[in-house]
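Each remark here refers to the structure printed beneath this line.
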Amino acid sequence: MATKTPKVLSLRGFLAFQILHELKRKRLCGDELAENIGKKKGSKLTPGTIYPTLKYLRKKKLLTRKKYGRKKIYDLTEKGVEEYKVFKRAFIKIFKDIYNKKI
């Protein structure tokens, strides 16, 4: 069964958090991030969606990027790990009652 996606509301605001979450687990390239997040979302992310967010997170010093040939591998900085932890705690505090209720 395919995952339904909202028709009106967007999950875009959570993209930066989703990227930090994926990179907390493992260093990944942009294509791998798009694929992993896309599987959870139910549709593949486009380069125009993921790469501007990666650039923004690098600018804020939450990520590093290293080139290995043509691949660019992203990893969290210490600041990125801390920001992830803070956001995760806030996210859980705000949404825990929604999560605990059946839809």
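The values are calculated or read from the model by the stated rules, or taken from the named source; none is laboratory data. Owing to the predicted nature of the structure, the values given are computational and were not obtained by experimental measurement. Cβ sites come from the backbone with ideal geometry, for glycine too, and all protein chains shown count toward neighbours.
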- Query: Got at least one residue in the stretch 46-53 being polar (S, T, N, Q), at pLDDT 95 or above and under 22 Å from V86 (Cβ atoms)?
  - Reply: no
Looking at the stretch 73-81, can you tell me whether even one residue there is loosely packed, with under 14 Cβ neighbours inside 10 Å and modelled with pLDDT under 95?
no
For T49, the lone unmet condition from (1) touching a residue at least 24 places away in the same chain (Cβ under 8 Å); (2) touching a Phe, Trp or Tyr at 6+ places or on another chain (Cβ under 8 Å) is (2)
Within the stretch 63-103, of all residues that are of a type in the set (S, T, Y) and touching a Phe, Trp or Tyr at 6+ places or on another chain (Cβ under 9 Å), the one nearest to L33 (Cα to Cα) is T64
Within the stretch 82-103, of all residues that are surrounded by fewer than 12 Cβ atoms within 10 Å (Cβ to Cβ) and among the aromatic types (F, W, Y), the one modelled with the lowest pLDDT is Y99
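Looking at the stretch 44-103 only, could you name the residues that are aromatic (F, W, Y) and over 15 Å from the mean Cα position of the chain (by Cα)?
First, pick out the residues of the stretch 44-103 that are aromatic (F, W, Y): 51, 56, 68, 74, 84, 87, 91, 95, 99.
Those that are aromatic (F, W, Y) and over 15 Å from the mean Cα position of the chain (by Cα): Y68, F95, Y99.
Mind listing just one residue for me: the one in the stretch 1-31 that is in contact with a helix residue (DSSP H, G or I) (Cβ under 8 Å, 6 or more places away or on another chain) and over 20 Å from E83 (Cβ atoms) and, of those, modelled with the lowest pLDDT?
Taking the stretch 1-31 first, the residues in contact with a helix residue (DSSP H, G or I) (Cβ under 8 Å, 6 or more places away or on another chain) are 3, 5, 11-12, 15-24, 28, 30.
This time we only want the ones that are over 20 Å from E83 (Cβ atoms), so: 3, 5.
Working: T3: 57, T5: 61.
Residue satisfying both the conditions and the ranking: T3.
Name the residues in the stretch 59-87 that are assigned to a helix (DSSP H, G or I) and free of Cβ contacts under 8 Å to residues at least 12 places away in the same chain, would you?
Within the stretch 59-87, the first condition is being assigned to a helix (DSSP H, G or I), and the residues that meet it are 59, 78-87.
Those that are assigned to a helix (DSSP H, G or I) and free of Cβ contacts under 8 Å to residues at least 12 places away in the same chain: K59, E78, E82, K85, V86.
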